[in-house]
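K.L.:
Dropping the structure in here first, questions after.
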Amino acid sequence: MVEVSEHLQGILNTLPEKPGVYIMKNNAGQVIYVGKAVILKNRVRSYFQDRGQMDRKTRKLVEHIADLEWIVVGSELEALILEMNLIKKYRPRFNIRLKDDKRYPYVKVHLADPFPKVSVTRQMDNDGSRYFGPYTSVWAVHETLDVLRRIFPYLTCDRIITGKDPRPCLYYDIKLCTGPCIGAINQTDYRRMIDDLCSFLDGHTEPIIERLKIDMLKASEEMRFEKAAVIRDQLNAIDKVVERQKVITSDQSDSDVLAMARSDGEACVQIFFIRNGKLLGREYFILEGTEETSDSEVISEFITQFYSEAALIPNKVLLPNEIDEALIINQWLNTRRGGQKVELQVPRTGTPRELVLMATENAVETLQSLRVQWNADKNKQTEALAELQTALNLKTPLNRIECYDISNTQGTASVGSMVVFEQGVPNKALYRHFNIRTVSGPDDFASMEEVLSRRFKRYVASLEQTGPGVKHDPSFSFLPDLVIVDGGKGQLGRAVKILDDYQLADKVPVVGLAKQQEELFRPGVSESLMLPRHSQALYLIQRIRDEAHRFAITAHRKARGKIGVASRLDAIPGIGPNRRKALLAKFGSIEKIRSASIEDLMQVKGITKEIAHALQSGLE
């Protein structure tokens with residue numbers, strides 16, 4: 001029996017005998033595991049029974065559980081759906097999850113518009129559009145759109161289409177638009193072209209080819225040779241694409257083929273997309289957190305996570321092995337497909353079996369190739385961290401590095417950024433920005449002092465707040481192994497002062513990074529440190545600094561955008577109510593003031609050359 005705290009035991013005693021989802025958290029309040037159960041009481045209690053019956057991963061999970069929550073639902077299907085949504089939301093450390101799952105890109109066809117356009121999006125909305133994907137890279141999506149646009153020259157501009165514009169844009173002249181703006185194509189024919197585009201993406205090209213051949217022949221007979229030539233070119237472009245699509249099955253069915261390769265706690269799932277009997281494309285997806293879990297469980301988790309985001313679910317999914325909870329997953333897939341039946345099949349013979357084996361071979365090769373790439377990147381990170389530790393003469397390995405930057409415009413909407421790198425890679429979940437509260441005007445030194453004071457005040461507070469149910473923000477509840485402040489000796493001095501104030505100077509190493517020469521300044525050392533020009537340590541430092549700068553600018557723009565026109569003008573030195581009124585009277589809007597030249601600005605009464613420059617800088 002596993003020893004549990006009084007707090008946890010109280011929760012275990014009150015678990016209901018109903019289906020639901022359970023959420024496990026660590027001491028910092030982070031969600032570390034989400035699971036579902038037919039009977040919550042039995043499933044959750046099983047984690048705290050004999051440790052000898054647990055695998056290593058489960059034992060490690062149980063060691064970190066400090067708090068539990070549970071949600072009762074009406075059925076196993078509801079539990080499955082809720083579990084999927086919570087895993088997607090929290091990405092818990094001990095769950096199997098898609099790696100780098102930052103919403104994959106889709107091709108979106110805006111069917112709700114009179115003249116539909118085609119775009120790339122990472123968000124599927126219930127807005128009447130059709131979606132195709134997901135793809136694993138934006139590059140793959142744009143490559144697809146390049147092909148599509150040459151075959152189906154759809155609209156890309158933001159014009160309001162009346163058909164009466166005096167002239168089209170350049171795209172019409174180079175045959176990348178059908179010119180609905182000038183009435184070169186009517187709405188009916190344009191929408192038929194878009195329907196063909198959707199059918200093409202679905203893999204159903206034969207009906208399109210047959211109809212286009214009839215249209216080409218008719219245009220030729222009517223002596224509309226230019227139109228016939230356009231259709232001929234369209235057919236040739238389709239043929240080139242179709243030639244690359246290998247015919248797989250003779251029954252012209254739609255199916256997805258899944259296979260998997262595994263190594264060192266990660267799994268690569270390869271999918272072949274077969275539409276209308278042809279291999280339309282393939283994608284691979286990496287899952288992490290798969291150590292000490294069965295192939296069946298990994299494939300089950302992949303199916304629920306992938307098809308919760310997929311734009312299309314075929315009528316058949318071929319699998320490499322039987323999966324856990326096949327009946328309930330099958331029921332869910334049927335609902336996702338609008339009530340139409342989805343068949344989960346583990347083929348044993350014939351072409352379907354050969355397809356699974358081919359996908360498996362691709363998965364193995366993909367994972368091997370990726371591991372070579374990952375190891376090369378990991379070696380560079382390890383080398384960079386070791387070089388930096390040696391250069392700074394630090395005893396502790398640099399597992400966590402924090403970097404700080406300040407962004408403002410003439411002191412307006414000042415924002416501080418904090419970025420966190422762990423093991424040499426950014427952990428964006430720990431990034432934070434600080435809206436400067438106590439500093440007026442463009443004082444970066446005082447702003448940096450405020451940011452660092454607020455950061456380490458939060459750390460000290462986390463030490464004082466303990467006990468069951470207490471949640472700590474992981475951005476602030478751990479000390480960094482190195483602090484980098486963007487700036488020279490002045491910024492470094494402010495950082496050292498704050499660390500002294502919180503009695504952390506002997507625990508947290510800090511350096512200042514000067515932009516111009518990429519020099520590192522250290523407390524108590526008069527000479528700057530210049531890292532070798534082509535060292536991995538310098539590349540890492542630059543990357544961290546650039547990321548802090550990017551994050552600060554992004555936060556500053558958002559903050560600045562919330563400030564009203566009057567406030568933004570008033571915040572610029574030399575602009576009071578009278579000059580603000582005169583500027584708006586002459587130019588009419590802040591956009592026109594921003595785009596005005598120095599000479600134009602100086603024509604306004606009271607605007608000197610210095611104030612004009614301040615305006616351009618403050619409103620950029």
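Please treat every number below as a calculation from the coordinates, not as lab data. Only a predicted model underlies this, so the values are computations on that prediction, with no experimental measurement involved. Positions of Cβ are backbone-derived with ideal geometry, glycine not excepted, and every protein chain shown enters the neighbour counts.
K.L.:
Would you work out if the stretch 71-113 is rounded, prolate or oblate? Take a ≥ b ≥ c from the square roots of the eigenvalues of the alpha-carbon gyration tensor; rounded if a/c is under 1.5, else prolate when a/b is larger than b/c, oblate otherwise.
P.N.:
Numbers: a/c = 3.85, a/b = 1.47, b/c = 2.63.
Oblate shape, in that a/c is at least 1.5 and b/c is the bigger or equal ratio.
K.L.:
Spelling out what I want: for every residue of the stretch 136-151, take phi, set θ = phi - 60°, compute 6.51 cos²θ - 1.76 cosθ + 1.60 (Karplus), and round to whole Hz; glycine and proline get x.
P.N.:
In residue order, the calculated couplings are 8, 8, 5, 4, 5, 5, 5, 5, 4, 5, 4, 5, 4, 5, 6, 8 Hz.
K.L.:
For the stretch 318-379 and the stretch 587-613, what is the separation of their C-alpha centers, rounded to whole Å?
P.N.:
62 Å
K.L.:
I would also like to ask the following. Roughly what % antiparallel, to the nearest 5, for the DSSP beta bridges in the chain? It would help to have the intermediate numbers written out before the result.
P.N.:
Working: 61 of 76 bridges.
Roughly 80 percent of the beta bridges in the chain run antiparallel, per DSSP.
K.L.:
Continuing with this model, one more query. How big is the dipole moment of the chain about its Cα centre under a simple scheme where the beta carbon of each Lys and Arg is +1, that of each Asp and Glu is -1, and everything else is neutral? Debye, nearest 20, please.
P.N.:
Numbers: 86 positive and 82 negative charges, 358 e Å.
Once rounded to the nearest 20, the dipole reads 1720 debye.
K.L.:
Hey, another quick one. With the contact rule set at Cα under 8 Å and sequence spacing of 6 or more, what percent relative contact order holds for the stretch 255-368? Don't skip to the end; give the middle numbers.
P.N.:
Numbers: 189 pairs, mean separation 38.2, N = 114.
Answer for the stretch 255-368 is 34 percent.
K.L.:
On to the next question. Which of rounded, prolate, oblate describes the stretch 255-368, given a ≥ b ≥ c as roots of the alpha-carbon gyration tensor eigenvalues and a/c under 1.5 marking rounded, otherwise prolate only if a/b is larger than b/c? Don't skip to the answer; put the middle values down first.
P.N.:
Numbers: a/c = 1.60, a/b = 1.19, b/c = 1.34.
Here the stretch 255-368 falls in the oblate category.
K.L.:
Got a sec? Charge dipole of the chain, +1 on Cβ for Lys and Arg, -1 for Asp and Glu; which of Val419, Tyr33, Thr554 is way out at the positive end?
P.N.:
About the Cα centre, the residue reaching furthest to the positive side is Thr554.
K.L.:
Each label point is 7 Å from the Cα along the Cα-to-Cβ direction; what then is the distance between the points at Glu361 and Ala237, in nm?
P.N.:
3.4 nm
K.L.:
Show which lysines lie in cross-link reach of Lys592 when reach means a straight Cα distance below 25 angstrom and same-chain residues fewer than eight apart are skipped.
P.N.:
Cα-Cα hits under 25 Å: Lys558, Lys562, Lys581, Lys605, Lys609.
K.L.:
A follow-up question, please. Could you point to the residue in Pro92, Ile71, Gln9 farthest towards the positive end of the stretch 6-95's charge dipole, with +1 and -1 charges on the Cβ of Lys/Arg and Asp/Glu respectively?
P.N.:
Of the listed residues, the answer is Pro92.
K.L.:
Separate question: Hey, if you put +1 on the Cβ of every Lys and Arg and -1 on every Asp and Glu Cβ in the stretch 255-368, which of Gly289, Ala310, Leu367 ends up farthest toward the positive end of that dipole?
P.N.:
Ala310
K.L.:
Students often check this: by mean Cβ neighbours within 10 Å, which of 316-328, 222-234 ranks highest, and how do the rest follow? Write out the running numbers ahead of the final one.
P.N.:
Values: 316-328: 17.5, 222-234: 14.2.
Result, highest mean Cβ count within 10 Å first: 316-328, 222-234.
K.L.:
Compute the Cα gyration tensor for the stretch 328-453, then decide on rounded, prolate or oblate, letting a ≥ b ≥ c be the square roots of its eigenvalues: rounded whenever a/c is under 1.5, prolate when a/b is larger than b/c in the other cases, and oblate in all that remain.
P.N.:
oblate
K.L.:
Can you work out the PRE-style zone for Glu17? Point 7 Å along Cα to Cβ, and I want the residues of the stretch 35-79 with backbone N under 12 Å.
P.N.:
39-42
K.L.:
Please work out how much length the chain gains when fully extended from Lys380 to Ile590, using 0.36 nm per residue of separation minus the C-alpha to C-alpha distance, in nm with one decimal.
P.N.:
Working: separation 210, 0.36 × 210 = 75.60 nm, distance 4.74 nm.
That works out to 70.9 nm of additional length.
K.L.:
FRET efficiency for Val525 and Phe445, Cβ-Cβ distance as r, R0 = 30 Å, nearest 0.05? Mind dumping the intermediate values first?
P.N.:
Values: r = 20 Å, r/R0 = 0.66.
Here the calculated transfer efficiency is 0.90.
K.L.:
How far apart, in nm, are the 7 Å Cα→Cβ label points at Phe225 and Gln503?
P.N.:
9.4 nm
K.L.:
Okay, next question. Of Lys25/Lys489; Lys60/Lys89; Lys57/Lys89; Lys88/Lys515; Lys378/Lys497, which pairs sit farther than 32 Å apart, going by alpha carbon to alpha carbon?
P.N.:
Violating the 32 Å limit, Cα to Cα: Lys25/Lys489; Lys88/Lys515; Lys378/Lys497.
K.L.:
For the pair Leu312 and Arg192, how long in nm is the line joining their label points, each one 7 Å along Cα→Cβ?
P.N.:
2.2 nm
K.L.:
Can you tell me the length gained on complete extension of the stretch Asp295 to Lys60, counting 0.36 nm per residue apart and subtracting the Cα distance? Could you put the intermediate results ahead of the total?
P.N.:
Details: separation 235, 0.36 × 235 = 84.60 nm, distance 2.05 nm.
So the extension gain works out to 82.6 nm.
K.L.:
Calculate, for Leu145 and Ser369, the FRET efficiency according to 1/(1 + (r/R0)^6) with r their C-beta to C-beta distance and R0 30 Å; round to the nearest 0.05.
P.N.:
That pair, Leu145 with Ser369, gives E of 0.70.
K.L.:
While we're looking at this one, here's another question. Only four residue types carry charge here, +1 at the Cβ of Lys and Arg and -1 at the Cβ of Asp and Glu. Report the dipole size of the stretch 68-131 about the Cα centre in Debye, rounded to the nearest 20. Don't skip to the end; give the middle numbers.
P.N.:
Details: 12 positive and 9 negative charges, 96 e Å.
Computed charge dipole of the stretch 68-131: roughly 460 debye.
K.L.:
So what is the 222 nm mean residue ellipticity for the chain from helices alone, if each DSSP H run of at least 4 adds -39500 (n - 2.57) and you divide by all residues, rounding to the nearest 500 deg cm²/dmol?
P.N.:
-14000 deg cm²/dmol
K.L.:
Hey, another quick one. Provide the FRET efficiency to the nearest 0.05 for the Leu77-Asn321 pair, computing r from the beta carbons and using R0 = 22 Å.
P.N.:
Details: r = 23 Å, r/R0 = 1.04.
According to the calculation, E is roughly 0.45.
K.L.:
Under a Cβ-only charge scheme (Lys and Arg +1, Asp and Glu -1), can you give me the dipole magnitude of the stretch 383-515 about the Cα centre, in debye to the nearest 20?
P.N.:
Values: 15 positive and 16 negative charges, 54 e Å.
Charge dipole of the stretch 383-515: 260 debye, to the nearest 20.
K.L.:
Hey, can you rank 276-289, 6-19 by average C-beta count inside 10 Å, highest first? Intermediate values should be presented prior to the final figure.
P.N.:
Details: 276-289: 19.1, 6-19: 13.3.
Result, highest mean first: 276-289, 6-19.
K.L.:
Want the number for Val4 to Ile160: 0.36 nm per residue separation, take away the alpha-carbon distance, what's left? Show your work: numbers first, answer last.
P.N.:
Working: separation 156, 0.36 × 156 = 56.16 nm, distance 6.59 nm.
That works out to 49.6 nm of additional length.
K.L.:
Given an 8 Å cut-off on Cα distances and at least 6 residues of separation, report the relative contact order of the stretch 106-202 as a percent.
P.N.:
On the way: 123 pairs, mean separation 24.0, N = 97.
About 25 percent, as a whole number.
K.L.:
Using Stokes-Einstein with the Kirkwood hydrodynamic radius over Cα pairs, what translational diffusion coefficient do you get for the chain at 20 °C and a viscosity of 1.002 mPa s, in µm²/s rounded to a whole number? Can you show the working numbers first?
P.N.:
Details: Rh = 29.5 Å.
Reported coefficient: 73 µm²/s.
K.L.:
In whole Å, what are the extents of the stretch 6-95 along the principal axes defined by its C-alpha atoms, from largest to smallest?
P.N.:
Answer, in whole Å and largest first: 32, 26, 24 Å.
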